[in-house]
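J.: Next up is a structure, given as structure tokens.
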Amino acid sequence: MASRIYADRKIVIVTTFIVIGFIYILRLFYIQIVDRSYTLSANNNVLRYVTQFPARGLIYDRNGKLIVYNEAVYDLMVIPNQVKNIDTAEICRLLEIEKQGFIDRMKKARDYSPHLATAFEKQISKETYGYIEEKLYRFQGFFVQPRTLRKYPMAIGAHIMGYIGEVTQKQIEKDPYYRQGDYIGISGIERSYEDELRGVKGLKIRMVDVFNRDVGSFENGKYDTAAVMGNDLYTGLDAELQAYGELLMQNKRGSVVAIEPKTGEILCFLSSPGYDPNLLVGRVRGKNFDLLNKDPIKPLLNRAIAGTYPPGSTFKMANDLIGLQEGVITSATRFSCQGPGSSPIRCTHNHQSPLDVYTAIQQSCNPFHWQVFRALMNDQDYGSVKERYNVWRNHLLSMGFGRSLESDLPYEVKGILPTAEFFDKIYGAGHWNAMTVRSLSIGQGEITVTPLQLVNYSAMVANRGWFYPPHIVRALGTEKNLTDFTKKRNIISIQPEYVDVVRKGMEEVVEMGTARAYKMDSIPMAGKTGTADNPHGKPHSVFIGFAPLDNPKIAICVIVENAGFGSTYAAPIASLMIEKYVKRKITRKDLEDRILNMNLLNN
């Protein structure tokens with residue numbers, strides 16, 4: 001009987017130990033395999049994972065001048081569950097923040113993760129970092145992580161370069177490369193070439209002691225990876241020309257864009273008023289962005305690519321090209337003009353009459369170009385006005401109007417080139433004709449264009465009927481690794497011999513027409529002035545042109561908003577820019593002084 005009792009007790013005791021042992025095994029399995037928080041906590045107490053942020057690629061101009069580089073800054077990181085017994089007042093004083101700011105930052109970091117490192121204070125300058133580094137050992141749970149920010153030594157091209165900002169949650173979800181606190185290109189070529197510029201992140205695993213001091217790499221850096229710097233960008237931009245253009249456009253609203261016709265490389269691309277790109281870098285970025293965004297002169301607006309304007313008289317040659325191609329006029333066709341008494345579209349001045357297409361371009365004669373447009377819309381080779389209008393519109397699309405030019409700049413707008421259906425909706429199908437939409441004949445009415453489209457149009461004429469997509473970047477990584485823009489040749493629907501007619505007319509504009517005051521004997525030049533009416537004030541001053549005539553090196557478009565005549569404001573600016581690019585110096589100091597001293601912001 002006694003032996004049986006002992007046997008039962010033995011079974012109970014053994015079973016109890018087995019059950020307890022099983023429970024311990026399950027718990028260990030849960031801790032080791034299922035719940036990683038214990039592992040993370042243990043590791044985080046002795047290991048620090050430091051992301052190695054790569055420097056973004058550098059940016060050069062066409063002459064090898066460095067126009068964007070990187071500067072070291074530091075982020076103060078925190079791991080919330082390691083923060084113990086620190087002097088809050090001391091760290092607030094070092095960072096120049098209030099106690100409430102400290103509390104808010106800690107809450108945000110803890111909400112993100114109590115175990116993971118989060119940026120507590122971003123973009124600390126190297127001067128401030130030196131001061132903090134000496135006392136960092138007092139603040140357990142904090143450490144510093146280096147990174148770089150952009151620096152613009154010439155402070156030019158803000159709208160081209162764009163700016164960098166912190167990634168959004170949506171961008172993090174879309175691309176696993178990014179984590180909270182990372183930076184990404186927001187606008188300009190920083191956005192377009194983000195993948196090339198951002199590089200590859202690295203990681204260092206460091207061991208720390210109980211006082212948060214770095215005591216060396218983990219396993220001699222066996223698991224460390226190095227950051228890889230982003231690819232450099234080699235642009236077609238001429239930094240000296242860009243700086244000169246920004247100087248000339250001070251105290252004016254508008255845009256200047258210049259292209260090398262044979263490559264499509266953008267030489268100069270400015271929107272005025274502009275801003276110093278260094279204002280949107282570092283800890284001051286948020287404050288400065290708010291100030292710029294609220295500025296009534298709208299310096300953040302990229303007028304060169306997002307501003308839309310009526311092209312005015314610069315558009316007249318496009319109608320001539322279509323008229324020549326469709327055979328409704330020849331280079332010998334003459335139309336009459338009664339000067340300011342003309343109807344239904346009056347001319348701005350008296351001149352010889354009748355006149356041919358060369359003289360019509362030279363004199364910027366409204367009635368001549370209205371009659372070309374009317375002849376197109378009445379062309380009996382086509383069955384209806386709608387059909388004729390579509391032929392006219394398709395020619396314009398081939399010239400780059402009313403569509404994206406597929407440049408490498410984000411947020412390019414198409415302008416407006418209305419469809420026939422648009423007019424059907426406005427006037428009713430079959431109830432509109434050349435007379436109804438006659439303003440289109442002189443670049444007014446419903447049509448609008450961007451400065452980029454106008455300079456591309458000028459480059460197309462310089463090239464006798466073709467163009468490459470205008471682009472900023474010509475090579476990636478190395479100067480020999482060219483982008484493929486020059487493989488995308490656009491050939492317009494007009495024969496080259498008709499483009500030559502317009503080229504000759506533009507040459508006469510500078511020789512003896514509305515731009516004759518800015519003729520340079522040393523640089524043969526072609527161009528066309530425009531005075532574009534707009535419903536918001538004085539007309540815009542417009543000029544397009546190219547030079548030299550025999551081998552065009554530069555095509556240009558200048559728009560000065562609410563300034564008045566194209567020959568008074570836009571043409572001289574274009575002339576100075578061409579001289580600067582071709583000769584690398586300015587000989588007409590009086591003209592330069594007149595433009596520099598001109599303030600048109602209040603017009």
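J.: Work out the FRET efficiency for Glu387 and Lys298 from their Cβ-Cβ distance, taking R0 = 51 Å, and round it to the nearest 0.05.
T.: 0.80
J.: How far apart, in nanometres, would the label points at Val284 and Ser217 be if each is projected 7 angstrom from Cα along the Cα-to-Cβ direction?
T.: Simple spin-label model gives 3.8 nm for this pair.
J.: I've got another one for you. Looking at the range 471-576, which GluC sites (Glu not before Pro) are in a loop (DSSP not H, G, I, E or B) and have at most 11 other Cβ atoms within 10 Å?
T.: none
J.: Between Ala226 and Tyr30, what is the FRET efficiency for a Förster distance of 35 Å, r being their Cβ-Cβ separation, to the nearest 0.05?
T.: 0.40
J.: While we're here: Would you mind calculating the relative contact order of the chain from Cα pairs under 8 angstrom and at least 6 residues apart, reporting the percent as a whole number?
T.: Relative contact order, the chain: 14 percent.
J.: A further question follows. In whole Å, what are the Cα extents of the range 198-241 along the three principal axes, biggest one first?
T.: Result, largest extent first: 57, 22, 12 Å.
J.: Using a 1.4 Å probe, what is the accessible area per residue for the chain, in Å²?
T.: 46 Å²
J.: Can you work out the Karplus-derived ³J(HN,Hα) for every residue in the range 526-532? Use 6.51 cos²θ - 1.76 cosθ + 1.60 with θ = phi - 60°, whole Hz, and x for glycine or proline.
T.: Result, ordered by residue: 10, x, 8, 8, x, 10, 8 Hz.
J.: If R₀ is 60 angstrom, what is the calculated FRET efficiency for the pair Lys107 and Asp593, using the beta carbon separation as r and rounding to 0.05?
T.: 0.55
J.: How would you classify the range 124-179 from its alpha-carbon gyration tensor, with a ≥ b ≥ c the square roots of the eigenvalues: rounded for a/c under 1.5, else prolate if a/b is greater than b/c, otherwise oblate?
T.: oblate
J.: Moving on. Using alpha-carbon positions, what is the distance between the centroids of the range 72-93 and the range 400-442, in Å?
T.: 59 Å
J.: If you don't mind, another one. Largest first, please: the extent of the C-alpha atoms of the chain along each principal axis, to the nearest Å.
T.: Sorted from largest, the Cα extents of the chain read 135, 60, 45 Å.
J.: Which one, Leu248, Thr263, Thr225, is farthest towards the positive end of the dipole of the range 212-273 when Lys and Arg carry +1 and Asp and Glu -1 on their Cβ?
T.: Among Leu248, Thr263, Thr225, the one farthest towards the positive end of the dipole of the range 212-273 is Leu248.
J.: Which of the lysines could a cross-linker span from Lys204 if the Cα-Cα distance has to be under 18 Å and same-chain partners fewer than 8 positions apart are dropped?
T.: Lys222
J.: Taking H as built 1.01 Å from N, whose amide H comes closer than 5 Å to the amide H of Val144, not counting residues under 5 places away?
T.: So Val144 has HN proximity to Met77.
J.: In nanometres, what is the gap between the two model label sites at Phe17 and Lys174, each 7 Å from Cα along Cα-to-Cβ?
T.: 6.4 nm
J.: Using the structure shown, select from Lys528/Lys585; Lys174/Lys480; Lys65/Lys580 the pairs with a Cα to Cα distance greater than 26 angstrom.
T.: Lys174/Lys480
J.: Which residues in the range 216-259 have a backbone N closer than 20 Å to a point placed 7 Å from the Cα of Leu203 along the Cα-to-Cβ line?
T.: 216-230
J.: Give, rounded to the nearest 20 debye, the magnitude of the charge dipole that the range 71-213 has about its Cα centre when Lys and Arg contribute +1 at Cβ and Asp and Glu contribute -1 at Cβ.
T.: Roughly 300 debye for the range 71-213.
J.: Compute the separation of the alpha-carbon centres of the range 165-236 and the range 284-326 and state it in Å as a whole number.
T.: If we compute the Cα centre of each part, the gap is 36 Å.
J.: Once whole DSSP H runs in the chain are found, which of them have Cα atoms spread over 15 Å or more along the helix axis and a mean Kyte-Doolittle score of at least -1.0?
T.: Membrane-span-like by this rule: 2-29, 316-326, 366-377, 385-398, 451-462, 496-512, 570-583.
The values are calculated or read from the model by the stated rules, or taken from the named source; none is laboratory data. Source: prediction; values computed, not measured. No Cβ is skipped: glycine too gets one built from the backbone with ideal geometry, and neighbour counts run over all protein chains shown. Surface accessibility is based on the protein's heavy atoms, side chains included, excluding ligands, DNA and RNA. Shrake-Rupley method; radii C 1.70, N 1.55, O 1.52, S 1.80 Å.
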